[in-house]
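The values are calculated or read from the model by the stated rules, or taken from the named source; none is laboratory data. Note that this is a predicted model, so its numbers are computed, not measured. All Cβ positions, glycine included, derive from the backbone under ideal geometry; neighbour counts span all protein chains shown.
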Amino acid sequence: MPGTYVPSDYFPVLVIILIAASVGLGALLVGPLVRPRRRYKQKLSAYESGNPPVGEARQKFSVKYYIVAMLFVVFDVEAVFLYPWAVAYDKLGIFGFIEMMLFIFILLVGYIYVWKKGAFEWE
Amino acid sequence: MTLADFIISIIVISVFLIHVMYVQYFERKTIGHMQARLGPMRVGWHGILQPIADSLKLFFKEDIIPSQSDKPIFFIAPIIGVIAGVSSLAVIPLWETFSIADLNIGILYILALSSVGAYSVIIGGWASNSKYSFLGGLRASAQVISYEISMGLSLVGVMMMAGSANLADIVKAQSEQWFIIPQFLAFGIFFISALAETNRVPFDLPEAEAELVSGFATEYSGMRWALFFMAEYAGVFIMSALAAVCFLGGWSGPDIWFFSYVPDVVWLILKVYAFVFLYFWIRSTLPRYRYDQLMNIGWKILIPLSLANIILTGLLKIV
């Protein structure tokens, strides 16, 4: 078909992913033929230092983790902008450098703001 | 991709998996001798068959799935880890003309897969439905995403020096000078982030055995646990290989005397094992960080330093 882009560079990647998956699946699927299987209720309960587990494991957790996730999105988008810029840096020259300094400066303002707000403090 | 390429890929992956299996012997011996012990000595000459005995033992262990767990996700988590760990190998240039997949975005591919690897830890901890696993998974998620930023930013300097994100091009760009000299700051940031990214000491909080039993892997046993273990050591190898390729000139070796007859891949393996040894050396030397210290180092020190490194590199390239 004309105009259809075939990413042939990525075919080996697909093959290696399939090989890795078959290593993982093979190890798990062949095993039951040779493994013992003696189950009872206590063995299948969650580990809690030998006592019967109390309550649900999935409880409320600190909002700090959400803040870290939000900050990650901001800074990762920044990193994504930096990659193509870095690869093409020689072609962009001094113009590209100044542009990116402006971008990093704007982000630094936000970074300092977040720091002053105490988002990085993990009490 | 021809049939020959396919066979070579399978051979490379098999050799890689044997290395992953045997590196635990190397680790136990290294740590043993550093603590004035001998390490494994019983199975075979100086314990050389120990990894094989361990693998067999794990293979014959009963497969325990906790009754409260989320079973499909519990099943899938270690497999995601293995896929992410092993398939990163595809873009590492083993010698001058060979890498399994010669992608022009090699660095991005490895960073992306190391993020996918974090999923196996997070959903493994979540699916186990045990308090220790849950805490381990939460810690792992926050830690990995924090250090991923500084790791990605430290590699930007390398890409600026080489003008490419293709790992083979990066090695070729180091023919005159290894990037560890102009990019020493990036190298330090990268290595510290790599320790945290692979959950190794001193940043092994997701599985801190003194407080969380075994963290995210508490409910995993037998072969499933072995897959997590494989994923972790595959990650150690991949990060060491990335460090060797980006900062120590990859496959290139000294071109004098009989050294020029040594195959390229031997130099790469030597450099990778130097980094793996450094991992184990750090493990037997340093105590574990506290969680707030870990977050402080990542957000308040490594990220500003890596941004400063980018600006410095840009200035030096213009002048």
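Determine whether B:Val171 is in contact with a Gly (Cβ under 8 Å, 6 or more places away or on another chain), at negative phi, more than 11 Å from every other protein chain (Cβ to nearest Cβ) and at pLDDT 80 or above.
In short, yes.
With B:Ala217, B:Ala241 as the choices, which residue is surrounded by 17 or more Cβ atoms within 10 Å (Cβ to Cβ), out of contact with any His (no Cβ under 7 Å at 6 or more places or on another chain) and more than 14 Å from every other protein chain (Cβ to nearest Cβ)?
The match here is B:Ala241.
Yes/no per residue for (1) free of Cβ contacts under 8 Å to residues at least 40 places away in the same chain; (2) within 23 Å of B:Glu207 (Cβ to Cβ):
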site	(1), (2)
B:Glu62	no, yes
B:Ser69	no, yes
B:Phe74	no, yes
B:Ala77	no, yes
B:Gly81	no, yes
B:Leu89	no, no
B:Ser99	no, no
B:Ser115	yes, yes
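Inside segment A:111-123, can you point out the residues that are at pLDDT below 85 and either outside any loop (DSSP other than H, G, I, E, B) or of a type outside the set (Phe, Trp, Tyr) (or both)?
Hits for segment A:111-123 are A:Gly118, A:Ala119, A:Glu121, A:Glu123.
Would you mind telling me which numbered condition in (1) at pLDDT below 90; (2) surrounded by 15 or more Cβ atoms within 10 Å (Cβ to Cβ) B:Val272 fails?
The failed condition is (1).
Looking only at segment B:284-301, how many residues end up being within 17 Å of B:Ile149 (Cα to Cα) and crowded, with 16+ Cβ neighbours inside 10 Å?
6
Collect the residues in segment B:1-37 that are within 14 Å of chain A (Cβ to nearest Cβ) and of a type in the set (Val, Ile, Thr), keeping them in residue-number order.
B:Thr2, B:Ile7, B:Ile8, B:Ile10, B:Ile11, B:Val12, B:Ile13, B:Val15, B:Ile18, B:Val20 - these are the residues of segment B:1-37 that are within 14 Å of chain A (Cβ to nearest Cβ) and of a type in the set (Val, Ile, Thr).
Report, by residue number, each residue of segment B:2-54 that is within 25 Å of B:Ser88 (Cβ to Cβ), among the small types (Gly, Ala, Ser) and without any contact (Cβ under 8 Å) to a residue 40 or more places away in the chain.
Matches in segment B:2-54: B:Ala4, B:Ser14.
Starting from residues that are part of a helix (DSSP H, G or I) and among the acidic types (Asp, Glu), keep the ones in segment A:56-110 and report whichever is nearest to B:Ile149 (Cα to Cα).
A:Asp76
(1) more than 8 Å from chain B (Cβ to nearest Cβ); (2) surrounded by 12 or more Cβ atoms within 10 Å (Cβ to Cβ); (3) not small (Gly, Ala, Ser): which one isn't true of A:Leu108, the others all being true?
For A:Leu108, the failing item is (1).
Test B:Ser141 against the stated conditions and say whether it is free of Cβ contacts under 8 Å to residues at least 60 places away in the same chain, in a helix (DSSP H, G or I) and hydroxyl-bearing (Ser, Thr, Tyr).
Answer is yes for this residue.
Can you tell me which residue is farthest from the other protein chains (Cβ to nearest Cβ) among those in segment B:149-168 that are over 16 Å from B:Gly314 (Cβ atoms) and part of a loop (DSSP other than H, G, I, E, B)?
Among those residues, the one meeting the criterion is B:Asn166.
Looking only at residues that are surrounded by fewer than 16 Cβ atoms within 10 Å (Cβ to Cβ) and β-branched (Val, Ile, Thr) in segment A:68-102, which one is nearest to the chain's Cα centre (by Cα)?
Applying the filter and picking the extreme gives A:Val73.
Residues to consider are B:Pro78, B:Pro72, B:Pro66, B:Pro40; find the one that is within 14 Å of chain A (Cβ to nearest Cβ), more than 26 Å from B:Leu268 (Cβ to Cβ), surrounded by 14 or more Cβ atoms within 10 Å (Cβ to Cβ) and at pLDDT 85 or above.
From the options B:Pro78, B:Pro72, B:Pro66, B:Pro40, the qualifying one is B:Pro78.
Answer yes or no as to whether B:Leu294 is at pLDDT 90 or above, within 14 Å of chain A (Cβ to nearest Cβ) and assigned to a helix (DSSP H, G or I).
No, not satisfied.
Anything in segment A:10-54 that is assigned to a helix (DSSP H, G or I) and more than 8 Å from chain B (Cβ to nearest Cβ)? List them, or say none.
Within segment A:10-54, A:Leu14, A:Leu18, A:Ser22, A:Gly26, A:Leu29, A:Val30, A:Leu33 meet the criteria.
Collect the residues in segment B:169-187 that are without any contact (Cβ under 8 Å) to a residue 40 or more places away in the chain, assigned to a helix (DSSP H, G or I) and farther than 23 Å from B:Ile100 by Cβ, keeping them in residue-number order.
B:Phe184
Limited to segment B:1-24, what total is found for residues that are farther than 16 Å from B:Leu270 by Cα, surrounded by fewer than 17 Cβ atoms within 10 Å (Cβ to Cβ) and of a type in the set (Ser, Thr, Tyr)?
So the count comes out to 2.
Consider segment A:113-123. How many of its residues are farther than 13 Å from A:Val74 by Cβ and more than 10 Å from every other protein chain (Cβ to nearest Cβ)?
The total comes to 3.
Restricting attention to segment B:194-232, which residues are among the basic types (Lys, Arg) and assigned to a helix (DSSP H, G or I)?
B:Arg224
Sort through B:Tyr289, B:Tyr273 and tell me the only one that's away from chain A (no Cβ under 11 Å), closer than 22 Å to B:Val23 by Cα and hydroxyl-bearing (Ser, Thr, Tyr).
B:Tyr273
Looking only at residues in segment A:22-45 that are farther than 16 Å from B:Lys61 by Cβ and more than 27 Å from the chain's Cα centre (by Cα), which one is surrounded by the most Cβ atoms within 10 Å (Cβ to Cβ)?
By that ranking, first place goes to A:Ser45.
Taking segment B:233-269 on its own, how many of its residues are of a type outside the set (A, V, I, L, M, F, W, C), in a helix (DSSP H, G or I), touching a residue at least 40 places away in the same chain (Cβ under 8 Å) and more than 22 Å from B:Val82 (Cβ to Cβ)?
Of the residues in segment B:233-269, 1 are of a type outside the set (A, V, I, L, M, F, W, C), in a helix (DSSP H, G or I), touching a residue at least 40 places away in the same chain (Cβ under 8 Å) and more than 22 Å from B:Val82 (Cβ to Cβ).
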